[in-house]
Amino acid sequence: MLQRSSSSPISACLVAERLAPVRVIFLGGLGEIGRNCAIVEVEGRLIVIDVGIMFPEPDMPGVDLVLPDFTFLRENADRVDGIVLTHGHEDHVGGLSYLLRDLEAPVYGSPLTVGLAAHRVREAGLSNKATFIEVADGETVRIGPCDVEFIPVTHSVPSAMAIAFHTPQGVVLHSGDFKLDLNPVDGRRTDLARIGELARTKGIRLLLSDSTNAEEPGFTESESTVGVTLRRLFAMRAGQRIVVACFASHLHRIQQVVDAAHASGRRIATLGRSMKNNVDLARRLGILTMPPGSLIDITEIDSLPPGEICVLSTGSQGEPMAAMSLMAAGQSKWLDLGDDDVVVLSAHPIPGNEWSVGQVINGLHRRGAEVIHSAHEPVHVSGHARRGELSTLLSVTSPDCFVPVHGEFRHLKHHAALAETMGVDPSNVIQATDGDVIRLDDRGIRKESTVPAGYLYVDGAASDIDHGILRDRQVLASEGMVMVVASVDLQTREVVAGPEVLTRGWAGPTSEELLSVEAAASVAQALKSSLADGNADIEGLNRVARRALGRFVGTRTRQKPMIVPVIVAT
Ligand SMILES: [Zn+2]
Ligand SMILES: [Zn+2]
């Protein structure tokens, strides 16, 4: 790298003048898998890269999804010139419908990416707030002061892109999610030739690269190997009905299921709303091809012999209300699984979903179906580059500076170390985390400051819930609730009803009944003395009751359930 930079255009400029610094701001995806969101700042203008969601972790009861904290973007909305999308996965586009409430900016991406993202935005009723601009493979668009180039990469959704920002500080290359699939289903490979050309002619000043599989040695298998397995499995199960579950956005996987089904004389029915929507979208865009007449409606499957049916289903992650979970529970409206049926789970549980997927597998077995999953047949491969591929990208780009992105702390750490072994100057390798602002200037790269980047929890329709609510739910889930109800007469200064102590989900060391009586007595005592002292304010009396009950529960049981006083005036 030293060799090359001595003759690169960047170094030539360094001597002549000081160039505007470039900043990269990370709002999510550095420290967790999901809610990917970063911002590139060029000459004071901002371009957002991806707006993803994260699926909730087990200690987030009742949370449906987690968003990046958009405070920085909201406060700087007038500086945002555009949003660029690397690909259509939920952890990269799922947050758009929330961000677009606060900010209007054109959204750029491949036709499929934009199609997948726009669908969600439409569902949220925000179509009027979003302008989607489709970009072709290899296209460069001008966004604010910056030329932005979209470079094809392979991943587990078609039409994924790496993005090169041509900035005054040189080329900043964001890999997006990628793998180096040499035999992709659609023949569209990661454009290493273009990336190499950029490195040779302009130099890659900063590489931001996907770290998801940075701990895994070797190379990720080609997606097309799954097709070989599917064809073999389908052929061996002539006469049996087959149900395949995979991500609805994994259209190359879906293509291979379609091909295997067709080769074994089966027709395809989709199950699950997102599967139907995505199949329709991909067929319209020419990304998914199906032989004429091969797609039937799910209502028609009973009119065909089992051996002529293949059902494509959602729910490969064990999502409770998805088609696959309903089938496993025997509650599907469309499919009653039995001994002769075959279910293929063509996916790997994403972290946090292992338990739910395990439950689904148990349920399917209970119904008598044969269950084939990645533990015993190669029916799934990853969409992310392993160490061999990450090294290849580092070698082809020879970046001056490197920041690993997309991964938990451990993945980022391994990827940073890998970059150093691949020859990136250790002082130019930065392990950043959510909220970090990285500054790239004539002197080099460094962490400059931070912006808010906490988790934003979303609970169904009730958009964001704050940390207090989540904390309450965690307390309720782990310790339960103790509630005290009483009414007081503020004139006569007497407790006229209660106190009565009620508990939910709370297990004390002695009988709950006895404990409740003693707890009520201690609250009654506290209320009486407070009233006698002249306290005639209902809020104050609630505080007194909470304190008395909390103290009693704490000393008697050493537990900290949620304490809820309900003291009312008559
Ligand atoms: Zn992805
Ligand atoms: Zn991702």
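Would you check which residues across segment 215-228 are closer than 14 Å to His252 by Cα and β-branched (Val, Ile, Thr) and list them?
Thr225, Val226, Val228
Among the residues of segment 116-128, is there at least one that is under 16 Å from Ile49 (Cβ atoms) and either away from ligand 1 (no atom under 16 Å from the Cβ) or not small (Gly, Ala, Ser) (or both)?
Just the residues of segment 116-128 that are under 16 Å from Ile49 (Cβ atoms), to begin with: 117.
Going one step further and asking which of them are either away from ligand 1 (no atom under 16 Å from the Cβ) or not small (Gly, Ala, Ser) (or both), we end up with none.
Looking for residues that are under 16 Å from Ile49 (Cβ atoms) and either away from ligand 1 (no atom under 16 Å from the Cβ) or not small (Gly, Ala, Ser) (or both), one finds none in segment 116-128, hence no.
Specify the residue that is modelled with the lowest pLDDT; the eligible residues are those in segment 358-401 that are among the hydrophobic types (A, V, I, L, M, F, W, C) and open to solvent by 20 Å² or more (accessible area, probe 1.4 Å).
The extreme case among them is Ala375.
Determine which member of the set Glu420, Glu448 is over 30 Å from Leu192 (Cβ atoms), at pLDDT 95 or above and of a type in the set (Asp, Glu).
Numbers: Glu420 fails: over 30 Å from Leu192 (Cβ atoms).
From the options Glu420, Glu448, the qualifying one is Glu448.
Out of segment 292-344, which residues are in a helix (DSSP H, G or I) and either of a type in the set (D, E, K, R) or open to solvent by 50 Å² or more (accessible area, probe 1.4 Å) (or both)?
Filtering segment 292-344 for residues in a helix (DSSP H, G or I) gives 298-303, 306-308, 323-328.
Once the filter is applied, which keeps residues that are in a helix (DSSP H, G or I) and either of a type in the set (D, E, K, R) or open to solvent by 50 Å² or more (accessible area, probe 1.4 Å) (or both), segment 292-344 yields Thr299, Glu300, Asp302, Ser303, Pro306, Glu308.
Which residues, taken from segment 205-231, are open to solvent by 10 Å² or more (accessible area, probe 1.4 Å), touching a strand residue (DSSP E or B) at 6+ places or on another chain (Cβ under 7 Å) and not β-branched (Val, Ile, Thr)?
Passing the criteria: only Arg205.
What do you reckon, is Gly170 of a type in the set (Gly, Ala, Ser) and under 20 Å from Glu41 (Cα atoms)?
yes
For segment 414-460, name all the residues that are charged (D, E, K, R), touching a residue at least 40 places away in the same chain (Cβ under 8 Å) and surrounded by fewer than 19 Cβ atoms within 10 Å (Cβ to Cβ).
Answer for segment 414-460, where residues must be charged (D, E, K, R), touching a residue at least 40 places away in the same chain (Cβ under 8 Å) and surrounded by fewer than 19 Cβ atoms within 10 Å (Cβ to Cβ): Asp425, Arg439, Asp441, Asp442, Glu448, Asp459.
So which residues in segment 480-502 are surrounded by fewer than 19 Cβ atoms within 10 Å (Cβ to Cβ), under 16 Å from Phe552 (Cα atoms) and either at pLDDT below 75 or not aliphatic (A, V, I, L, M) (or both)?
Once the filter is applied, which keeps residues that are surrounded by fewer than 19 Cβ atoms within 10 Å (Cβ to Cβ), under 16 Å from Phe552 (Cα atoms) and either at pLDDT below 75 or not aliphatic (A, V, I, L, M) (or both), segment 480-502 yields Gly480, Glu500.
Any chance segment 111-120 includes a residue that's more than 16 Å from ligand 2 (Cβ to nearest atom), open to solvent by 30 Å² or more (accessible area, probe 1.4 Å), in contact (Cβ under 8 Å) with a residue 40 or more places away in the chain and not polar (S, T, N, Q)?
yes
For segment 163-173, check the following and say yes or no: at least one residue is in contact (Cβ under 8 Å) with a residue 40 or more places away in the chain, within 16 Å of ligand 2 (Cβ to nearest atom), open to solvent by 10 Å² or more (accessible area, probe 1.4 Å) and of a type outside the set (Phe, Trp, Tyr).
Scanning segment 163-173 turns up no residue that is in contact (Cβ under 8 Å) with a residue 40 or more places away in the chain, within 16 Å of ligand 2 (Cβ to nearest atom), open to solvent by 10 Å² or more (accessible area, probe 1.4 Å) and of a type outside the set (Phe, Trp, Tyr).
The values are calculated or read from the model by the stated rules, or taken from the named source; none is laboratory data. Not measured: the values here are computed from a predicted model. All Cβ positions, even for glycine, are placed from backbone atoms using ideal geometry, and neighbour counts span all protein chains on display. These accessible areas exclude ligands, DNA and RNA; they are computed on the full protein's heavy atoms, side chains included. Shrake-Rupley method; radii C 1.70, N 1.55, O 1.52, S 1.80 Å.
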